[in-house]
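Note sheet for the following structure.
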Amino acid sequence: HDFIALEIANEQIQLTFSGGETKTTVSPYVSGGVSDGQWHSVQLHYYNKPNIGHLGVPRGPSAEKVAVV
């Protein structure tokens, strides 16, 4: 199952996502952390390239997924 989780761990942002078979965790470093009592904004872009069949017709998701925080 696909999932996306955005959390705060050790005062830093942590993104974990899965496309079904593997789980990937991304932890961008924010100087000073984000557990400082202030509001912070996060932009998340998740790209899931479609699996294109031999006739050029999409056949569900491919294994190529990218998340940018």
task = Given the conditions (1) over 10 Å from the mean Cα position of the chain (by Cα); (2) at pLDDT 70 or above, report the number of the one that Tyr46 does not fulfil.
result = (1)
ask   = Of all the residues that make up the stretch 26-43, how many are under 11 Å from the mean Cα position of the chain (by Cα) and at pLDDT 90 or above?
value = 0
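Restricting to the stretch 1-25, and then to whatever is surrounded by 11 or more Cβ atoms within 10 Å (Cβ to Cβ) and on the phi > 0 side of the Ramachandran plot, can you tell me which residue is nearest to the chain's Cα centre (by Cα)?
Gly20
The values are calculated or read from the model by the stated rules, or taken from the named source; none is laboratory data. Keep in mind the model is a prediction, meaning the values are calculated, not measured. Here Cβ is always computed from backbone atoms with ideal geometry, including for glycine, and neighbour counts include all displayed protein chains.
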